[in-house]
Amino acid sequence: MIYRENGQFKTSYRADQQIFAIVQDRWAIAALLALAFFVVPALASDYFFRAILIPFLIMALAALGVNVLVGYCGQISLGSGAFMAVGAYGAYNFFVRIPNMPLVPAILLGGLCATAFGILFGLPSLRVKGLYLAVATLAAQFFSDWMFLRIKWFTNDSSSGSVSVNNLQVFGLPVESAQAKYWFCLAFLCVLALAAKNMVRGAIGREWMAIRDMDVAAAVIGIRPMYAKLTAFAVSSFIIGVAGALWAFVYLGAWEPAAFSVELSFRLLFMVIIGGLGSIMGAFFGAAFIVVLPIFLNQFLPALVASVGLSISTAGVSHAESMIFGALIVWFLVVEPHGLARLWSTGKQKLRLWPFPH
Amino acid sequence: MKLRSILLAALLGTAAAGAFAQAKEQFFPLLSYRTGPYAPNGTPWANGKQDYLKMINARDGGINGVKLTFEECETGYATDRGVECYERLKSHAGVTLFDPQATGITFALTEKVPTDKIPLITLGYGLSVSQDGNAFKWNFPIMGSYWTGADIIMQHIAKKEGGWDKLKGKKIALVYHDSPFGKEPIPLLQERATMHGFKLDLIPVTAPGVEQKAAWLQVRQMRPDYVLLWGWGVMNSTALKEAQATGYPRDKMYGVWWAGAEPDVKDVGDGAKGYNALALNTSGQQPKVMQDILKYVHDKGQGTGPKDEVGSVLYTRGVIIQMLGVEAVRRAQERFGKGKVMTGEQVRWGLENLALDQKRLDQLGFAGVLRPISTSCSDHMGSTWARIHTWDGSKWNFSSDWYQADEQIIKPMVKTGAEKYLADKKMQRRDPADCQS
């Protein structure tokens with residue numbers, strides 16, 4: 001089999017510390033990136049970009065952020081929707097209030113607003129953990145819902161509470177066409193995913209994981225729980241905040257606080273659980289599962305039913321969609337509680353040993 | 001990755017299959033919600049929209065020989081699913097216009113339609129300032145916005161009290177769905193409150209509105225003279241039940257036209273007796289258009305939804321929305337070529353030049369259902385007339401004459417709102433030459 005590392009020797013620490021230790025993996029990733037950056041934009045249709053790929057990229061980014069907090073640091077959070085909302089409204093305020101504010105800094109500043117908000121609502125994590133923390137972070141969600149509905153300053157005094165942006169451009173190039181929006185989100189995702197990957201491989205990531213696995217033991221070996229937990233909240237909410245700003249600016253264009261409701265927090269948590277806790281790749285799998293599958297079922301079911309000569313009502317499709325989706329979630333969690341990413345790595349492990357499994 | 005590529009391939013396949021099968025067909029994308037907390041109200045609305053298209057095909061063979069087709073997409077009232085539906089259906093050949101059926105989706109699509117050149121029709125909902133066609137080229141809040149609605153309720157209350165000056169010192173509470181939909185009427189009510197000296201209490205209800213105990217506790221404490229109800233879906237019947245439990249008189253309650261249909265009051269039954277709401281249209285199966293729908297669609301077993309729901313308030317509204325869409329296409333064909341499939345841009349011209357006088361409405365079978373409508377380049381609303389109807393425990397009865405919103409108050413508000421929108425977006429007003437495009 002080609003997927004084998006025989007004969008690949010590492011002669012330096014540097015080589016040993018690469019993200020992708022196996023040559024085949026490096027090639028596969030390079031090919032995947034080339035595909036994502038050059039081939040997909042040439043082939044995909046407008047609908048595919050605007051309704052599937054862009055939401056997938058943005059949700060993958062958000063799931064990545066949630067995974068840093070929940071998967072790597074073990075701090076269960078139900079406030080991810082709030083962090084997205086803070087990112088979105090933060091970026092919006094920088095964008096409309098400062099004349100000639102460029103788009104990319106506005107989005108990054110939105111991420112920083114989310115960071116501050118995340119640290120603030122991460123403070124309870126120093127005292128409570130597990131389900132108690134989940135409930136405490138729920139407060140962030142309700143607080144942000146309240147804040148963006150009630151405090152008019154955040155919505156630029158819009159009477160209805162709905163805000164919108166237009167005329168997006170980067171270095172004078174408009175981010176209007178489907179391709180441009182796709183590249184824009186993809187660039188953010190690649191940079192932040194790489195940064196997150198390196199962080200979780202580094203000292204800070206090990207601290208997070210030590211806290212996750214057993215916080216008392218981690219404290220005993222000299223890890224400061226406060227520092228570790230709050231950095232996890234900061235990094236995670238920055239990434240989620242950037243994703244929120246992209247969701248609002250690039251995908252929706254105009255939004256209201258309901259776009260970042262508690263339901264979104266739940267969806268993000270499902271994404272990391274189904275994708276795989278504590279794995280960067282899991283965020284991508286999870287986002288694909290949660291974002292793409294309902295849309296796919298919504299279009300596939302009528303076609304399937306029509307192929308056997310029957311017809312199904314819109315409500316019927318919608319109900320069937322929820323049922324199949326729910327059943328699949330349960331099935332996945334029973335078959336592979338560690339998520340889709342674990343299935344993937346199990347497959348890889350089997351390939352490396354093939355054809356002599358032990 | 002494997003799973004994803006399979007999904008992608010299958011999705012591409014379905015998308016491609018949909019792209020074939022194109023002939024001379026005017027396509028109506030139907031965004032709807034038949035599930036979720038707003039389903040009881042969203043369903044009859046969606047049924048009406050579908051049945052009218054089926055009836056036009058069956059009775060007239062389409063518009064001047066152009067057959068009408070449609071496809072429904074379930075949004076569940078969620079903005080992101082609505083955007084997905086819009087992206088899915090907009091590239092269909094012969095796409096006519098979108099009726100998003102939700103204020104949140106309307107806001108998101110308002111930013112998208114100018115690039116795609118597809119008109120949005122938001123009958124009785126959406127953005128109030130989009131009445132100004134010079135600023136909002138693609139939005140059509142035909143027959144009324146929340147500002148005209150709020151104004152008409154206030155006119156009615158003033159009339160009941162015996163004049164505007166009698167409102168001084170009165171307390172009026174607005175119990176509203178805490179979303180852009182519920183907040184839209186606030187600027188107008190505040191304007192009226194400062195003009196006439198009544199006190200306006202704002203009582204928000206968190207979406208979707210099943211939990212209203214706190215709101216009605218406030219009502220109980222304040223004892224307002226009137227309660228305006230800006231609700232949708234389950235919120236309305238819950239509010240009526242809470243009012244009953246609180247002991248607030250239902251005849252002092254006035255709902256918007258989205259809080260005045262059968263699903264809102266049926267479950268409450270006698271408890272809703274005396275409750276008033278705005279009415280944009282009549283209900284019942286007597287109008288000729290409903291008879292035609294029964295005859296050409298339901299009697300042939302092709303109806304959408306139950307037969308006895310035909311002619312209910314929201315069903316009728318769905319029919320009216322679709323009639324306006326169909327008439328816009330017909331109007332556009334008069335200018336751009338009969339028997340041709342109209343593009344979104346041409347339909348927009350049609351919507352901008354609707355002239356439905358009483359004679360035309362009678363011909364169409366809408367005698368008595370609504371008032372005449374005539375739109376123009378600067379006025380995308382066409383008509384602001386509405387009535388009040390009251391629930392007697394088993395059906396809605398009209399309890400007032402027609403009112404027209406006071407343009408003296410609304411015009412300046414629309415103008416400043418539109419100017420602010422244009423300034424925020426760094427956009428220009430349309431010049432007069434653009435009206436002919």
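The values are calculated or read from the model by the stated rules, or taken from the named source; none is laboratory data. In this text, all values refer to a predicted model and were calculated from it rather than measured experimentally. Positions of Cβ are generated from backbone atoms using ideal geometry, with glycine treated the same way; all protein chains shown enter the neighbour counts. Just so you know, the surface numbers come from the protein's heavy atoms only, side chains and all, with ligands and any DNA or RNA stripped out. Shrake-Rupley method; radii C 1.70, N 1.55, O 1.52, S 1.80 Å.
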Notebook entry, point to check: Taking B:Ile388, is it in a strand (DSSP E or B) and open to solvent by less than 30 Å² (accessible area, probe 1.4 Å)?
Noted result: yes
Item checked: Subset of region B:149-175 (residues that are out of contact with any His (no Cβ under 9 Å at 6 or more places or on another chain) and open to solvent by less than 10 Å² (accessible area, probe 1.4 Å)) -> B:Gly149, B:Ala150, B:Asp151, B:Ile152, B:Ile153, B:Ile157, B:Ile172, B:Ala173, B:Leu174, B:Val175
Margin query: If I ask for residues that are more than 13 Å from every other protein chain (Cβ to nearest Cβ), outside any strand (DSSP E or B) and at pLDDT 90 or above, which ones from region B:59-93 would you list?
Written below: B:Arg59, B:Asp60, B:Gly61, B:Gly62, B:Asn64, B:Gly65
Note to self: Which pairs turn up if I take residues in region A:1-28 that are assigned to a helix (DSSP H, G or I) and look for partners that are open to solvent by 100 Å² or more (accessible area, probe 1.4 Å) with beta carbon separation below 7 Å, at least 6 apart in sequence or on another chain?
What the structure shows: A:Gln24/A:Ile2
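Residues that are in the same structural domain as B:Ile63 (by the TED database) and under 29 Å from B:Lys24 (Cα atoms): does region B:430-437 have at least one? Break it down into steps so the answer makes sense when it comes.
Here is the first cut: in region B:430-437, the residues in the same structural domain as B:Ile63 (by the TED database) are none.
Checking region B:430-437: not a single residue is in the same structural domain as B:Ile63 (by the TED database) and under 29 Å from B:Lys24 (Cα atoms).
Give region B:157-188 a look and list any residue that's among the hydrophobic types (A, V, I, L, M, F, W, C) and either touching a residue at least 24 places away in the same chain (Cβ under 8 Å) or more than 9 Å from chain A (Cβ to nearest Cβ) (or both), or say none.
First, the residues of region B:157-188 that are among the hydrophobic types (A, V, I, L, M, F, W, C): B:157-158, B:164, B:167, B:172-175, B:181, B:186, B:188.
Of everything in region B:157-188, those that are among the hydrophobic types (A, V, I, L, M, F, W, C) and either touching a residue at least 24 places away in the same chain (Cβ under 8 Å) or more than 9 Å from chain A (Cβ to nearest Cβ) (or both) turn out to be B:Ile157, B:Ala158, B:Trp164, B:Leu167, B:Ile172, B:Ala173, B:Leu174, B:Val175, B:Phe181, B:Leu188.
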Notebook entry, point to check: Of these, A:Val40, A:Val23, which one is modelled with pLDDT under 95, over 20 Å from A:Trp247 (Cα atoms) and within 14 Å of chain B (Cβ to nearest Cβ)?
Noted result: A:Val40
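Filter region B:213-234 down to the residues that are of a type in the set (Gly, Ala, Ser) and outside any helix (DSSP H, G or I), then identify the one that is modelled with the highest pLDDT. First the steps, then the outcome.
Of the residues in region B:213-234, the ones of a type in the set (Gly, Ala, Ser) are B:214-215, B:231, B:233.
Retained after the next criterion (residues that are outside any helix (DSSP H, G or I)): B:231, B:233.
Numbers: B:Gly231: 92, B:Gly233: 89.
So, considering only residues that are of a type in the set (Gly, Ala, Ser) and outside any helix (DSSP H, G or I), the one modelled with the highest pLDDT is B:Gly231.
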Next item on the list: Test B:Ile373 against the stated conditions and say whether it is within 14 Å of chain A (Cβ to nearest Cβ) and open to solvent by less than 10 Å² (accessible area, probe 1.4 Å).
Entry: no
Notebook entry, point to check: Is there any pair with a first residue in region A:205-224 that is in a loop (DSSP other than H, G, I, E, B) and a second that is of a type in the set (Asp, Glu) whose Cβ atoms are under 8 Å apart and which are 6 or more apart or on different chains, and what are they?
Noted result: A:Ile223/A:Glu207
Notebook entry, point to check: Any idea which of (1) open to solvent by 10 Å² or more (accessible area, probe 1.4 Å); (2) assigned to a helix (DSSP H, G or I); (3) not acidic (Asp, Glu) is the one B:Asn47 doesn't satisfy?
Noted result: (1)
Note to self: Pairs needed: first member in region A:144-171, facing chain B (nearest Cβ under 9 Å); second member anywhere, open to solvent by 40 Å² or more (accessible area, probe 1.4 Å) and at pLDDT below 85; C-beta distance under 7 Å; at least 6 residues apart or different chains.
What the structure shows: A:Asn167/B:Lys426
Margin query: Return the residues of region B:179-197 that are closer than 17 Å to A:Ile151 by Cα and either surrounded by fewer than 24 Cβ atoms within 10 Å (Cβ to Cβ) or modelled with pLDDT of 95 or more (or both); say none if nothing qualifies.
Written below: B:Ile186, B:Pro187
Notebook entry, point to check: How many residues does region A:336-358 contain that are within 14 Å of chain B (Cβ to nearest Cβ), of a type outside the set (A, V, I, L, M, F, W, C) and part of a helix (DSSP H, G or I)?
Noted result: 6
Check: Is there any pair with a first residue in region B:24-42 that is facing another protein chain (nearest Cβ under 9 Å) and a second that is in a helix (DSSP H, G or I) and open to solvent by less than 10 Å² (accessible area, probe 1.4 Å) whose Cβ atoms are under 7 Å apart and which are 6 or more apart or on different chains, and what are they?
Finding: B:Leu30/B:Ala46; B:Leu30/B:Lys49; B:Ser32/B:Gly42; B:Ser32/B:Ala46; B:Tyr33/B:Gly42; B:Arg34/B:Gly42; B:Arg34/B:Ala46
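Of the residues A:Pro124, A:Pro105, which is free of Cβ contacts under 8 Å to residues at least 12 places away in the same chain, over 19 Å from A:Ser261 (Cβ atoms), more than 14 Å from every other protein chain (Cβ to nearest Cβ) and assigned to a helix (DSSP H, G or I)? Step through it out loud before you land on a result.
Numbers: A:Pro124 fails: free of Cβ contacts under 8 Å to residues at least 12 places away in the same chain.
One residue alone meets the criteria, A:Pro105.
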Check: Could we say that A:Phe332 is surrounded by fewer than 24 Cβ atoms within 10 Å (Cβ to Cβ) and either among the aromatic types (Phe, Trp, Tyr) or away from chain B (no Cβ under 14 Å) (or both) here?
Finding: yes
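For region A:232-289, name all the residues that are outside any helix (DSSP H, G or I) and closer than 27 Å to A:Ile29 by Cβ. So that I can check it myself, show each step before the final result.
Pass one, region A:232-289, residues outside any helix (DSSP H, G or I): A:253-256, A:261, A:276-279.
Result: A:Gly276, A:Leu277, A:Gly278, A:Ser279.
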Notebook entry, point to check: Do you know which residues across region B:94-133 are more than 12 Å from chain A (Cβ to nearest Cβ) and either farther than 27 Å from B:Gly233 by Cα or open to solvent by 10 Å² or more (accessible area, probe 1.4 Å) (or both)?
Noted result: B:Gly94, B:Val95, B:Thr96, B:Lys117, B:Ile118, B:Gln131, B:Asp132, B:Gly133
Margin query: Can you list residue pairs whose Cβ atoms sit under 7 Å apart, with the first residue in region B:378-404 being without any contact (Cβ under 8 Å) to a residue 12 or more places away in the chain and the second being open to solvent by 20 Å² or more (accessible area, probe 1.4 Å) and hydroxyl-bearing (Ser, Thr, Tyr)? Count only pairs 6 or more apart in sequence or on different chains.
Written below: B:Asn397/B:Thr390
Next item on the list: Might you let me know whether region A:76-92 holds any residue that is in a loop (DSSP other than H, G, I, E, B) and over 16 Å from the mean Cα position of the chain (by Cα)?
Entry: no
Next item on the list: Output the residue which, of all residues in region A:251-304 that are away from chain B (no Cβ under 11 Å) and at positive phi, is most open to solvent (accessible area, probe 1.4 Å).
Entry: A:Gly278
Note to self: Considering only residues that are part of a loop (DSSP other than H, G, I, E, B), surrounded by 14 or more Cβ atoms within 10 Å (Cβ to Cβ) and of a type outside the set (A, V, I, L, M), which ones fall in region B:392-428?
What the structure shows: B:Asp392, B:Ser399, B:Ser400, B:Asp406
